[in-house]
């Protein structure tokens, strides 16, 4: 159960800080709001959210915080398939809790914001151009790159001195590499969909947005919600298969 709690807490932190920076930049009258919205600010905020959530959860659950990470590790034989549903459910719960906290923190600012899509953007991914085929390709490719690179990340090693083996590694900074991977991928490949790269990152907040009291919500676009679920899953499967192929 420690692993379950760690995944819930870690994913809660991830979504709270990730969606929190979106709220700060997009919603009206916040300290971070601007007429010139900064994609760089949002991307940096998400990268730091990854760093801090991994920092907390890694010692206890491995800090998957993403069904794609869990599925990929199971495919390559580094995670027990029996635990996959439990991890994914924990991640979904955490994503819902995180988005609920964002709403509680910025509740007053949702009333000040008139644009319906701006309110929705705090919770979910919205494509720049609505083309489901292209949007799917974007999610598949972004997640493929994230998972494929992440599978090669190593943070620990060892060295020998006077015939003794000493562990070396990044310690707490071991959470930095995945954050940098996210930063690079979203900056380069995020222009199409603002990629989810994580099915629960979109689904959990979308569920919360559909039930919380926000004035003038507008369309929640449930039709599009399948894209940030299927796309990342396909991307992680392809990345895992290529990784296994290269190891042969």
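The values are calculated or read from the model by the stated rules, or taken from the named source; none is laboratory data. All values derive from a computational prediction rather than experimental measurement. No Cβ is skipped: glycine too gets one built from the backbone with ideal geometry, and neighbour counts run over all protein chains shown.
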Condition set more than 16 Å from residue 241 (Cβ to Cβ) and surrounded by fewer than 24 Cβ atoms within 10 Å (Cβ to Cβ), scope the stretch 62-78, selection nearest to the chain's Cα centre (by Cα): answer is 63
query: Yes or no: residue 102 surrounded by fewer than 18 Cβ atoms within 10 Å (Cβ to Cβ) and modelled with pLDDT of 95 or more?
result: no
Selection over the stretch 182-203 where residues are without any contact (Cβ under 8 Å) to a residue 60 or more places away in the chain and surrounded by 13 or more Cβ atoms within 10 Å (Cβ to Cβ) yields a count of 3
Flagged in the stretch 204-236 as surrounded by 15 or more Cβ atoms within 10 Å (Cβ to Cβ), under 19 Å from residue 96 (Cα atoms) and within 18 Å of the chain's Cα centre (by Cα), in numbering order, are 204, 205, 206, 207, 208, 209, 224, 225, 227, 228, 229, 232
Selection from the stretch 182-217 of residues out of contact with any helix residue (DSSP H, G or I) (no Cβ under 9 Å at 6 or more places or on another chain) and farther than 18 Å from residue 113 by Cβ yields 211
Of the residues in the stretch 195-220, those that are at positive phi and modelled with pLDDT of 90 or more number 1
Scanning the stretch 94-119 residue by residue, those in a helix (DSSP H, G or I) and either free of Cβ contacts under 8 Å to residues at least 24 places away in the same chain or under 19 Å from residue 197 (Cβ atoms) (or both) turn out to be 94, 95, 96, 98, 99, 102, 104, 107, 108
